[in-house]
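Note sheet for the following structure.
We did not get these values from a lab; they are worked out from the coordinates using the rules stated. Treat the numbers as computed from the prediction; the structure is a model and nothing was measured. Using ideal geometry, Cβ is built from the backbone for each residue, glycine included, and neighbour counts are taken over all protein chains shown.
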């Protein structure tokens, strides 16, 4: 079905701030005038192991609130990537953390060292989610950096604001080293896509 | 009241985006309750309804209201009845196991005609069931959970905006008809965050119960009138009256006289029947030329909405009737749909509860059941597949 629905999934392990990243992204999308729908895994799987959060953005009101086919998938570790990759769009974008992901199921993927940037450049591994969010914001091309910075500032405690905004910028900068237009066009052949 | 999905309100208004918030369904229920003038909450935390109690615990004191965490749901229901009798709009929120405990006192609220709103965020059951999974298994419990012949209003929400608006309606109907209103939500609606513009309070219709206009010595607490809804005095305001769970006469005292019992029971139903047109709330999409239709409620209507759009794109003339009011059953909205369409699909996250009510409206119609009972949300594709099979 054709509409301007854009679907993002954030996957990682419980405690990595996956849900917070999704909430911040949703907030930023609202600043940009989108309708948003944000959901998350709820229940035992949300703690430890793997956790996921989803954001749908659209210019029109959103009917079905969950992901149908992902346009963008952020995977912060291998377990989440393996578990939540199944409904990836053929022309989607996979962004994963170099520190915890070893095997990629698609060539439409970028591997960026979010956790290493957070740990080595910023001195706090805990902000890896925000570093990743910066890259997601840059690569999905749906929300501006000022909107993301405003949303980050609104959602994190005042004393960590500067650190998180810095993390966001570091992520965006890392994303500037890659180019979406250079990705292979689709993982399915043209004949298959027609079916 | 009925509305459509095709209105202007669907268009994003960038200028208004400053006032747009991102709220969870449970948070929007709290905002709706506060906007309706709710100033008392008693409850016991339970997944997936806990956020309502949590938010109420700090939002209520800030507006001069009271929050109390009770020892269980039996006591919670008792507490909100007490607060409402004292003149304060009251709310409690729970999920299946707690809702079961509330049934006894819910019956008291029915017989004593105490306005109050009970939110049941449905999860898988019976018993402790599936605490973190969505379900629609409590529909008939909401209608008939408490014993005895009684009318009750049951409303179902499907989005964050619904959570706000329908909560306001729930309070309004409860105050207007002196009846408990059950607001059915589910795990999907409760935990989805969506953008919402909260209306300004001055633009919101808020209904207050009719209080006596006569001096205290003339006050007859359960005196019938044209609406069938007696004026309600706040306990402690000087209007001495008796409140009991026994069937009572106009003065509020227990009665065994068959004429009084009959009048009491019939008035309970008459007041709801009189207000039926206002109480019946539905939304529809693409019903004008529909040959087949989906009748859905709660979160499932979101999946249905998308399924209908997919179907239309493939040339299948399908429409949607979303039920907001589940009881009294909106038969006046369902009947024309059944007459117009050659088949109607009722998808539910249970083994088939509302479908029986749909069938009862018009026994000659073809009504197709679709049940999902594995703790998962029904997807648009599943509904579309069913529609396609019906259309062929």
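Descriptive notes on the structure:
- Mean separation of Cα contacts under 8 Å (6+ apart) over length of region A:4-71, as relative contact order %: 46
- Relative contact order of region B:77-187, pairs being alpha-carbon contacts under 8 Å that are 6 or more residues apart, as %: 32
- Region B:2-203: equivalent-ellipsoid semi-axes (sqrt of 5 x gyration tensor eigenvalues, Cα, Å): 26, 19, 17
- Whole-angstrom gap from region A:65-97 to region B:184-229, using each part's C-alpha centre: 45
- Crossing angle, helix B:380-391 versus chain B [Cα axis fit, 0-90 degrees, rounded to tens]: 70
- For the pair region A:135-172 and region B:235-288, the centres of their Cα atoms are 55 angstrom apart.
- Highest-first packing order for the peptide set B:286-294, B:25-33 is B:25-33, B:286-294, based on the mean count of other beta carbon atoms within 10 Å.
- Within 10 Å of each Cβ in B:184-193, the average number of Cβ atoms from other chains: 4
- DSSP assigns beta bridges within region B:121-238; of those with both partners inside it, close to 25 percent run antiparallel.
- Region B:281-391 - share of DSSP beta bridges that are antiparallel (%, nearest 5): 20
- Counting Cβ atoms of other protein chains within 10 Å of each Cβ in A:52-63 and taking the mean gives 4.
- Whole-Å distance, taken between Cα centres, linking region B:349-392 and region B:22-77: 34
- In terms of its alpha-carbon gyration tensor, region B:139-215 comes out oblate; a/c meets the 1.5 threshold, while b/c is at least as large as a/b.
- MRE, 222 nm, helices only [DSSP H, n ≥ 4, -39500 (n - 2.57), over the protein assembly as shown, to nearest 500]: -11000 deg cm²/dmol
- Along its first, second and third principal axes, ordered by size, the protein assembly as shown spans 85, 60, 44 Å in Cα coordinates.
- Peptides B:154-161, B:356-363, B:384-391 ordered by average Cβ neighbours within 10 Å, highest first: B:154-161, B:384-391, B:356-363
- Antiparallel bridges, percent of DSSP beta bridges restricted to region A:6-194 (to nearest 5): 50
- When its C-alpha radius of gyration is set against 2.2 N^0.38 Å (N residues), chain A gives a value of 0.96.
- Shielding score for A:138-147, defined as the mean number of other chain Cβ atoms within 10 Å: 0
- Rounded to 10°, Cα long-axis angle of helix B:160-177 versus longest principal axis of chain B: 40
- Stokes-Einstein diffusion coefficient of region B:195-242, Kirkwood radius over Cα pairs, 37 °C, 0.692 mPa s, in µm²/s: 249
- As computed over region B:216-277, the Cα convex hull volume per residue (Å³): 93
- Protection proxy ranking, peptides A:103-114, B:248-259, B:296-307, average beta carbon neighbours within 10 Å, highest first: B:296-307, A:103-114, B:248-259
- Taking every alpha-carbon pair within region A:6-87, the share separated by more than 15 Å comes to 52 percent.
- For q = 0.09, 0.10 Å⁻¹, Debye-computed log10 I/I(0) when each Cα of chain B counts as one equal scatterer: -0.52, -0.65
- Compared with the dominant Cα axis of chain A, that is its longest principal axis, helix A:161-175 is turned about 40°.
- The alpha carbon convex hull volume per residue for region B:215-361 rounds to 168 Å³.
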